[in-house]
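To start, the structure under review is shown below, and the notes come after it.
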Amino acid sequence: MSRWAKVLEVALASHPRTIDTKISYGTAGFRTKAELLDHVMYRMGAMAVLRSWAKSGQVIGVMITASHNPECDNGVKLVDPVGEMLEFSWESLATNLANSTDREIPDVLDSIISGCGITEGAGRVFVGRDTRKTSPALSNAVLAGIAAAGGVATDIGVVSTPQLHYMVVATNTGGGYGEPTLDGYYSKLSSAFTSFLGGIKEFGNYSPKIMFDGANGVGALAMQEFMTRLKGILEVTAFNTGSGELNSGCGADFVKVHQEAPAGLEAVENTRCVSVDGDADRVIYFYRKQGVFHLLDGDRIATLVAGYLKHLLAESGLSDKIRIGCVQTAYANGSSTDYMTKSLGVPVSCVPTGVKFLHHAALEFDIGVYFEANGHGTVVFSQGAQKLIKETPSAQSLAMLMNVINQTVGDAISDLLLVECVLAARGWSAEDWFHQYSDLPNKLMKASVKDRTLITTGDAERQVLSPAGLQERVNKAVAEFKRGRSFVRPSGTEDVVRVYAEAETKEEADKLAETVVKIVQEILS
Ligand code: 16G
Ligand code: MG
């Protein structure tokens, strides 16, 4: 009898594949309408067990969420033992397993085992889920897959994506990264924040008061806990805490895309406001003054944080020993890159879209600050840098700030606490922060084409490699505009081609984007 008899039996009886639409493990796992996902969840449970075997029995995470997508969607992503996204080479294995027939499952699992040279051992998997109504049933499917494959599941329940990453890393490091419980997570971040703020004598223009938009998701629940723990230190007024629809008219993606305040915060003036997304791994700040909306996105967070970390390194005499750098994508506003490199003197590397690429590139620095413009990001410290910082008496502020940061993955609430620390230390209001530099006007558009996969890109998505002739025409269009820049890439999450353009004025940025959309449609029609 095949070692997978149980997996097949449960698949056929309780989690059969009843649809034959192809699904792919994309930038952030599988993501689609919730009703199409039961069999995928079951199979990912089984696959997580194999991944744990391949990683000598370390814990693997499975997160059920569709992040900022609408409530009707859902998704699943796997978390590797050190908190990173599932290793790239396993993405196609996941896609293959998800799309096979039920009866093919044993063969596909066997081929993973032989292809990756895996020896069976302990298979430990942590399962977390967001607040979507469809998440409990899908989580049960994952748990069934883990059990059928002979693994040991721990159901962490409703958590943010970064909380699940924390749990995985804290467990795999035997508590070295922090106590492996949710209480450990809250305690680590809130006590570091409290100590850091406690050490600041003068707040200047900073006031410890924010308005928080929880996107009606799990970020609101996490914030509830922080509000209790940070009482009297940070005053938080929470909106969109769960009674409304998830990500609808609120949340970080809404605010970034629409460039307007979310539900409940439309009329708030002169106050720092923060929005997180549906699984709380993205954060966006904004404020309104005299009716004008001002966005402080991931680029702004990166410059704020990198500038301050660089200052702390200089203050503690570690500038020569610890190299700080920043990682951005092509979507970073040209002004933020200029400010980072020229005014702050922090080197910037550019990588393709997707957290995993940024995270890897950030590990090349001793301190790597990485943020996508959309608000995904964090700071990572090399082991050497962490040790040196902890052992250097003049680097105590830096050591405290390091503990506010969830290094395992971008964490909206940890990022929020980090931003608050830096603003407090600088004595800045949101307006002071905003006026550090001016963004170049820009425009993001979508082009619908028959087959977006015909477009391939290189140079961190800044150049089109195929079809032939497309890049030349984009170059020609860009050359017509002062400070013009534009690039084209196929979306990893939607069936569209994305077009980004920036130029000296808003009108020109809009015109450049529209021109490039037309070029794309002409060439790909
Ligand atoms: C996913 C990525 C995000 C990226 C976005 C781009 C993760 C966890 N998430 O949401 O980083 O910005 O895709 O979407 O990696 P697009 O390919 O449709 O433009
Ligand atoms: Mg998210």
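Some notes on this structure:
- Residue that is farthest from the chain's Cα centre (by Cα) [pool: residues in the stretch 324-342 that are in a loop (DSSP other than H, G, I, E, B) and touching a residue at least 60 places away in the same chain (Cβ under 8 Å)]: Asn333
- Restricting Ala468, Ala412, Ala447 to those that are away from ligand 1 (no atom under 15 Å from the Cβ) and hydrophobic (A, V, I, L, M, F, W, C) reduces the list to Ala468.
- The criterion of being surrounded by fewer than 16 Cβ atoms within 10 Å (Cβ to Cβ), within 16 Å of ligand 2 (Cβ to nearest atom) and among the aliphatic types (A, V, I, L, M) holds for Val257.
- A single member of Gly334, Gly325 is surrounded by fewer than 20 Cβ atoms within 10 Å (Cβ to Cβ), small (Gly, Ala, Ser) and closer than 26 Å to Gln383 by Cβ, and it is Gly325.
- From the list Ala447, Ala460, the lone residue that is outside the structural domain of Tyr331 (by TED's automatic domain parsing), in contact with a Cys (Cβ under 7 Å, 6 or more places away or on another chain) and among the small types (Gly, Ala, Ser) is Ala460.
Yes/no matrix, rows are residues, columns are (1) in contact (Cβ under 8 Å) with a residue 40 or more places away in the chain; (2) among the aliphatic types (A, V, I, L, M):
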{"residue": "Glu461", "(1), (2)": "yes, no"}
{"residue": "Val464", "(1), (2)": "no, yes"}
{"residue": "Ala468", "(1), (2)": "no, yes"}
{"residue": "Glu494", "(1), (2)": "yes, no"}
{"residue": "Ala501", "(1), (2)": "yes, yes"}
{"residue": "Thr505", "(1), (2)": "yes, no"}
{"residue": "Glu514", "(1), (2)": "yes, no"}
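- None of Cys72, Cys116 is under 25 Å from the mean Cα position of the chain (by Cα), of a type in the set (A, V, I, L, M, F, W, C) and surrounded by fewer than 19 Cβ atoms within 10 Å (Cβ to Cβ) except Cys72.
- Just so you know, in the stretch 262-310 the residues that are within 16 Å of ligand 2 (Cβ to nearest atom) and in a strand (DSSP E or B) include one that is surrounded by the most Cβ atoms within 10 Å (Cβ to Cβ), and it is Val276.
- Enumeration of residues in the stretch 1-47 that are among the β-branched types (Val, Ile, Thr), assigned to a loop (DSSP other than H, G, I, E, B) and within 16 Å of ligand 1 (Cβ to nearest atom): Ile23, Thr27
- Condition met for Leu470 (closer than 30 Å to Tyr308 by Cα, surrounded by 17 or more Cβ atoms within 10 Å (Cβ to Cβ) and not assigned by TED's automatic domain parsing to the domain that holds Phe357): no
- Of note, Asp107 does not satisfy the criterion of being touching a residue at least 40 places away in the same chain (Cβ under 8 Å) and either of a type in the set (Asp, Glu) or touching a Phe, Trp or Tyr at 6+ places or on another chain (Cβ under 9 Å) (or both).
- Residue within the stretch 485-508 that is in contact with a helix residue (DSSP H, G or I) (Cβ under 7 Å, 6 or more places away or on another chain), in a helix (DSSP H, G or I), away from ligand 1 (no atom under 16 Å from the Cβ) and not basic (Lys, Arg) present: no
- 1 or more residues buried (at least 24 other Cβ atoms within 10 Å of the Cβ) and among the aliphatic types (A, V, I, L, M): qualifying strands (runs of 3 or more DSSP E) within the stretch 355-447: 367-371, 377-381
- Residues satisfying the stated conditions in the stretch 35-69, i.e. touching an Asp or Glu at 6+ places or on another chain (Cβ under 7 Å) and within 16 Å of ligand 2 (Cβ to nearest atom): Ile64, Thr65, Ala66, Ser67, His68
- Evaluation of Glu91 against (1) more than 16 Å from ligand 2 (Cβ to nearest atom); (2) assigned to a loop (DSSP other than H, G, I, E, B); (3) in contact (Cβ under 8 Å) with a residue 24 or more places away in the chain (one fails), failing number: (2)
- Asp366 vs. criteria touching a Ser or Thr at 6+ places or on another chain (Cβ under 6 Å) and among the acidic types (Asp, Glu): yes
- Single residue of Gly57, Gly75 found to be under 30 Å from Leu363 (Cα atoms), assigned to a strand (DSSP E or B) and out of contact with any helix residue (DSSP H, G or I) (no Cβ under 6 Å at 6 or more places or on another chain): Gly75
Yes/no matrix, rows are residues, columns are (1) among the β-branched types (Val, Ile, Thr); (2) closer than 18 Å to Val142 by Cβ; (3) within 16 Å of ligand 1 (Cβ to nearest atom):
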site: Trp53; (1), (2), (3): no, yes, no
site: Ala66; (1), (2), (3): no, yes, yes
site: Glu91; (1), (2), (3): no, yes, yes
site: Ile105; (1), (2), (3): yes, yes, no
site: Gly115; (1), (2), (3): no, no, no
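The values are calculated or read from the model by the stated rules, or taken from the named source; none is laboratory data. Note that the coordinates shown come from a computational prediction; the quantities given were computed from them, not determined experimentally. Note that we place each Cβ from the backbone using ideal geometry, even for glycine, and neighbour counts take in every protein chain shown.
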